[in-house]
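First the structure, in the form of structure tokens, and then the observations on it.
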Amino acid sequence: MTLPDSIATAVASLFEALPLDSAMNSLVVQTGASKSQIEIVEDILRTPAIAQRPALQAGLWLYVDELDRSHTVSQGISDATGSFWHGIMHRREGDFGNSHYWFNRTGHHPAMDAVEGYAPHVFIDEVAAQYQSGDDALAALQRREWTALFSWCAHAS
């Protein structure tokens, strides 16, 4: 993932502590982040590159499985990007109907084009049907979805 230098520097400690290929393995989150992961994200949120960027903040909380914190942030973002983060959060908490609602509000977001074969409503239904089996392909798609949206947010003005 290519990020602007200031954002890449701000999140480097998180990606070192929790590499992308190890993050977001659970399709439906049962436990939140560790204390050390929460502390890392809280430190990142104080950096100038992230402090005034709620869309990035919502994404960082999702990255470490802190759904309530991500939800609080995404609820305050009243555009398609906020709805996108909000829809992901509800899918990851297992509230699939609410996830569909937020993806209906999102519509087609430009970040979706960066995820090959991505159809958010189909993805929600696949997760609903298979989340208990720990499907690696769905977890990989979840990481690609997150990466596309986080990168898009990082590059948005």
From Cα pairs below 8 angstrom and at least 6 apart in sequence, can you work out the relative contact order of the chain, rounded to a whole percent?
28 percent
What list of ³J(HN,Hα) couplings, whole Hz, do you get for the range 136-151 from phi and the Karplus terms 6.51, -1.76, 1.60, once you set θ to phi - 60° and write x for glycine and proline?
5, 5, 5, 5, 5, 5, 4, 5, 5, 4, 4, 4, 5, 6, 4, 4
Compute the length gained on full extension between SER22 and HIS108: take 0.36 nm times their separation in residues and subtract their Cα-Cα distance, giving the result in nm to one decimal.
28.2 nm
Going from the fewest other Cβ atoms within 10 Å to the most, one would list HIS108, HIS71, HIS86, HIS155 as HIS108, HIS155, HIS71, HIS86
How would you classify the range 40-119 from its alpha-carbon gyration tensor, with a ≥ b ≥ c the square roots of the eigenvalues: rounded for a/c under 1.5, else prolate if a/b is greater than b/c, otherwise oblate?
prolate
Given charges of +1 on the Cβ of Lys and Arg and -1 on the Cβ of Asp and Glu, with all other atoms neutral, how large is the dipole of the range 5-155 about its Cα centre, in debye to the nearest 20?
320 debye
Pop a pseudo-label 7 angstrom from the Cα along the beta-carbon direction at both ASP95 and GLU116 and give the gap in nm to one decimal.
3.4 nm
I need the calculated FRET efficiency for the pair ALA129 and MET1, taking r as the beta carbon distance and R₀ as 25 Å, to the nearest 0.05.
0.30
Along the range 93-104, Karplus-curve 3J(HN,Hα) (6.51, -1.76, 1.60; θ = phi - 60°) to the nearest Hz, with x for Gly and Pro, reads 8, x, 9, 5, x, 5, 4, 4, 4, 6, 6, 5
On a 0 to 90° scale, report how tilted helix 120-130 is relative to the longest principal axis of the chain, with both axes built from alpha carbons and the result rounded to the nearest 10.
70 degrees
Do any trypsin sites (Lys or Arg not before Pro) in the range 1-109 lie in a loop, going by DSSP, with at most 15 other beta-carbon atoms within 10 Å of their beta carbon, and if so which?
ARG46
Dipole magnitude of the range 87-157, debye to nearest 20 (Cβ charges: Lys/Arg +1, Asp/Glu -1, about Cα centre)
220 debye
Zone of ASP136 (label point 7 Å along Cα→Cβ, backbone N under 16 Å): which residues in the range 27-53?
27
Normalised Cα Rg of the chain, dividing by 2.2 N^0.38 Å with N its residue count, works out at 0.95
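Values in this text are rule-based calculations from the coordinates and carry no lab data. Since the structure is predicted, the reported quantities are computational estimates derived from the model, not experimental observations. Glycine also receives a Cβ, built like all others from the backbone with ideal geometry; neighbour counts cover every protein chain displayed.
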